[in-house]
Structures are given as C-alpha cells and as structure tokens.
Amino acid sequence: AQSVAQPEDQVNVAEGNPLTVKCTYSVSGNPYLFWYVQYPNRGLQFLLKYITGDNLVKGSYGFEAEFNKSQTSFHLKKPSALVSDSALYFCAVRLLGGYNKLIFGAGTRLAVHP
Amino acid sequence: NAGVTQTPKFQVLKTGQSMTLQCAQDMNHNSMYWYRQDPGMGLRLIYYSASEGTTDKGEVPNGYNVSRLNKREFSLRLESAAPSQTSVYFCASSEGNRGLEQYFGPGTRLTVT
C-alpha cells in the first residue's frame, strides 16, 4: 500500500539553528512528493514539490527538501530557523494512477524557540 | 483574487441534521477536492472532482455526497450528521492531472453533538 510517514510528532529548534523535518514514503514507481505548511486556523499552503530532476528542491520561505530514492525519504530543511516558521508541516505523495490524489502524512509540529 | 473560499467557517450540528459545505475557487482550476483533517491523522480525501461534471470517491466517502455545480463550485453535503463527522473540512483545487500543487481554502470547523 502507498503511504507517507512523518516519524516525529514535534520538532523543537532554537532560532538561528538549522532545522530538519523528516518524511519517508512508500509508493510504486517514481513518486511526486510535496511539502505543505499549516499555520494556526488556516488552510494548508504549498511549500515545494519534487517531480523529477535535481534531488535538492528549493521552495518558499527559504525551505528546501532533499529527495533520496535509495532511502525513500524527502526531508524538509532550512539552514536557519525563524520563530515565524513555527507551524504544522505535512508531507504528501501523489498516488500512482490516482488522478492527482494525494496521501498526506500525519503532520509534524515545528516549534522554533527564541 | 480570493483563491479558494469556504462557507461557513464554523458550524455546530445535532446528530441527524443535514448541511452543505460550500466551496468556490476563482483560479479557473479544473480539479477540486474535499478533505477532512483529524488530529494525528493528517488530511484524508473524501471526494474529488477531476473536471466539471465528474466526481469520484476518495479515501473516506461514507456519509458524504458532493456536487460539482460548475467549474468554480464544489459542495459537500452531510445528509445525516454523526459525531464521527466532527472534524475540520478543507476544500482544495488544482489545475488538473499534471502533478501540480493544490490550493487550499481556510477550512470549516464542524462539530456534531
């Protein structure tokens, strides 16, 4: 079965430090992978996607993600965290053969402390 | 450009009542989606509409119906609400079947007592 796992419920980081939010996936074929962010009482906002090409994908607000096919991972990273980055982050994978249908991970809450 | 809009923002229903959640997008997108978000479970797809005139079941369709009224609007109906349908509901849209990102509305928080 196709699935997405976010192994950490919460990640705590000090402001200015690098951050990583982990995501692993299990899909057939070549995956389409996405990261979304959700701020309190808001809908999800698209951050970045991997379709094909360079394994390092750059997105909005200084975030980037590294696609690793051998480890079936798509970790979200940022070199220097901001307090305003505190939010809920979701990894998602497009279902193979499913019309742009996405499976979402359970979400990881990122808390950046001053 | 409002993007994706949803009404209402909040709703409280009694078990057995019915209601319709409204969604509209002004981005001329072909595809629209309804999700529910529950704590610790991420988002789960209820129904989607690949294009105007078509709808298909997602992961958790039971207890729901949808209508793609036109290209802009996609409504979600609960015919007989149950406490298990207490959730936050999100509508989303995308250009179509090209692996492009989905754009989300602000959500409707529904409580069924």
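The values are calculated or read from the model by the stated rules, or taken from the named source; none is laboratory data. Bear in mind the structure is a predicted one, so any value in this text is a computation, not a measurement. When we count neighbours, we look across all protein chains shown, and the Cβ atoms used for this are built from the backbone with ideal geometry, even at glycine. Calculation scope for accessible area: heavy atoms of the full protein, side chains included, ligands and nucleic acids excluded. Shrake-Rupley method; radii C 1.70, N 1.55, O 1.52, S 1.80 Å.
Data for the structure
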| read-out | value |
| --- | --- |
| Meets criteria (more than 10 Å from every other protein chain (Cβ to nearest Cβ), among the aromatic types (Phe, Trp, Tyr), touching a residue at least 24 places away in the same chain (Cβ under 8 Å) and in contact with a Gly (Cβ under 8 Å, 6 or more places away or on another chain)) for residue B:33 | no |
| Positions within the stretch B:88-113 being away from chain A (no Cβ under 14 Å) and within 16 Å of residue B:46 (Cβ to Cβ), in sequence order | B:110, B:112 |
| Lone qualifier among B:50, B:24 - being farther than 22 Å from residue A:35 by Cα and among the small types (Gly, Ala, Ser) | B:24 |
| Test set (1) open to solvent by 50 Å² or more (accessible area, probe 1.4 Å); (2) modelled with pLDDT of 95 or more - residue B:2 fails condition number | (2) |
| Selected residue [touching a residue at least 12 places away in the same chain (Cβ under 8 Å), open to solvent by 10 Å² or more (accessible area, probe 1.4 Å) and either part of a strand (DSSP E or B) or among the aliphatic types (A, V, I, L, M) (or both)] from B:28, B:70, B:65 | B:65 |
| Those residues of the stretch B:73-102 which are in contact (Cβ under 8 Å) with a residue 60 or more places away in the chain and crowded, with 20+ Cβ neighbours inside 10 Å, in sequence order | B:78, B:81, B:89, B:90, B:91, B:92, B:93, B:94, B:102 |
| Test for residue A:78: is it touching a Phe, Trp or Tyr at 6+ places or on another chain (Cβ under 8 Å), buried (at least 16 other Cβ atoms within 10 Å of the Cβ), basic (Lys, Arg) and modelled with pLDDT of 95 or more | yes |
| Answer from A:66, A:8, A:15 - the residue that is in contact with a Ser or Thr (Cβ under 7 Å, 6 or more places away or on another chain) and either open to solvent by 20 Å² or more (accessible area, probe 1.4 Å) or over 17 Å from residue A:112 (Cα atoms) (or both) | A:8 |
| Residue B:36 open to solvent by 50 Å² or more (accessible area, probe 1.4 Å) and either at positive phi or not in a loop (DSSP other than H, G, I, E, B) (or both) | no |
| Condition met for residue A:42 (open to solvent by 40 Å² or more (accessible area, probe 1.4 Å) and at the interface with chain B (Cβ under 10 Å from one of its Cβ atoms)) | yes |
| Residue tally, condition of a type outside the set (A, V, I, L, M) and at pLDDT 90 or above, over the stretch A:44-53 | 4 |
| First in the stretch A:42-54 and small (Gly, Ala, Ser), second anywhere and crowded, with 19+ Cβ neighbours inside 10 Å, Cβ under 7 Å, 6 or more apart | A:43/B:90; A:43/B:104; A:43/B:105; A:43/B:107 |
| Residue within the stretch B:47-61 that is within 15 Å of the chain's Cα centre (by Cα), assigned to a strand (DSSP E or B) and free of Cβ contacts under 8 Å to residues at least 12 places away in the same chain present | yes |
